[in-house]
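The structure under discussion appears below in the form of structure tokens.
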Amino acid sequence: MRCLLCGKFSLKSVCRDCYLEFIIVAPLVREMGDFRVISFFEYANIAPLLYAKYSKLGNRIYCLLAQAIVQSLKKRNVSLYGVCGVGVDDKIRHGYAHNAILLRHLKQLGLQPLYQTLHARNPISYAGKDLAFRQRNPRDFMIKREVRDKKIILVDDVITSGLTLQQAKECLETNGAQVLHAFVLADASTKGL
């Protein structure tokens, strides 16, 4: 097997050298009004890995990223007891749901995952699309299970414009949930930094 980042021979999806250089948890916070989005990796460092979600190998890559996040949060003594996690549109594709992987790992911190809770009626992909396209094509989320009176952390892989997370938050709150904030792997708006 070859390392997905450098191409060198490796027994793992990401070789040790690339892991130490690129899989660095460096939390950033984006404030969106009264809503806080916490990203854990620099987009430029993990961008090639994020595309793995479109393949079967993505399961291992997303587990690797989730483990690094959980280790970092444990070092900061973060506890998520009493909080539920909802993945944005966590439908199973390619044999797994990429947002559900992070939810499963966050259970180590006390988070209660609510799998298959928030699905988009409009399954259009926003990847590479501009804000105008995203605004013309809302995700139109629907709730698949009861969320009333639950404290929720939204989980997604990447934030770009923030529109998807805002729509997800609005849908959950309309159905009686209290959305505390969101966790994402990376903030794509920082890719040029």
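Distance from the C-alpha centroid of segment 111-184 to that of segment 37-59: 18 Å, rounded to the whole angstrom. Residue separation of Tyr51 and Lys12 scaled by 0.36 nm, minus their Cα-Cα distance, works out to 12.3 nm of gained length. Only aspartates and glutamates eight or more places from Lys144 in sequence, or on another chain, were considered; those with a Cα closer than 12 Å are Asp89, Asp90. Once the Cα atoms are used to define both axes, helix 58-75 deviates from the longest principal axis of the chain by about 80 degrees. Phi angles of segment 41-49 translate, via the Karplus equation with coefficients 6.51, -1.76, 1.60 and θ = phi - 60°, into HN-Hα couplings of 10, 6, 4, 4, 6, 10, 3, x, 6 Hz per residue; Gly and Pro are given as x. For Ala168, the shell of other residues with beta-carbons less than 12 Å away shows a net charge of -4, using +1 for Lys and Arg and -1 for Asp and Glu. Packing here is the average count of other Cβ atoms within 10 Å per residue, and on that basis the peptides 143-152, 160-169, highest first, run 160-169, 143-152. Taking amide H as placed 1.01 Å from N in the peptide plane, the amide H of Leu80 sits under 5 Å from that of Gly110, Leu111, each at least 5 places away or on another chain. Only helices enter the 222 nm calculation for the chain: every DSSP H run of n ≥ 4 contributes -39,500 (n - 2.57), and dividing by all residues gives -9000 deg cm²/dmol, rounded to 500.
Computed extension gain for Arg36 through Ser125, at 0.36 nm per residue and net of the alpha carbon distance, reaches 29.7 nm. By the Kirkwood approach, averaging reciprocal distances over each pair of separate Cα atoms, segment 65-193 gets a hydrodynamic radius of 15.1 Å.
Would you please report the Å³ per residue occupied by the convex hull of the alpha carbon atoms in segment 1-153?
137
For segment 59-90, the set of trypsin sites (Lys or Arg not before Pro) satisfying both a DSSP loop assignment and a count of at most 12 other C-beta atoms within 10 Å is given as Arg76.
Sorting Tyr81, Tyr96 on solvent-accessible area from highest to lowest, probe radius 1.4 Å, gives Tyr81, Tyr96. Rounded to the nearest Hz, the phi-derived 3J(HN,Hα) couplings of segment 129-135 under the Karplus curve 6.51 cos²θ - 1.76 cosθ + 1.60 (θ = phi - 60°) are 8, 7, 4, 4, 4, 5, 5, where x marks glycine and proline. One chain, two ends: Tyr81 and Ser189. Fully extended at 0.36 nm per residue, the span grows by 35.8 nm beyond their Cα-Cα distance.
The values are calculated or read from the model by the stated rules, or taken from the named source; none is laboratory data. Because the structure is a prediction, the values reported are computed rather than measured. Neighbour counts are summed over all protein chains in view; Cβ atoms, including those assigned to glycine, are modelled from backbone coordinates with ideal geometry. We work out accessible area using only protein heavy atoms, side chains counted, and drop any ligands, DNA or RNA first. Shrake-Rupley method; radii C 1.70, N 1.55, O 1.52, S 1.80 Å.
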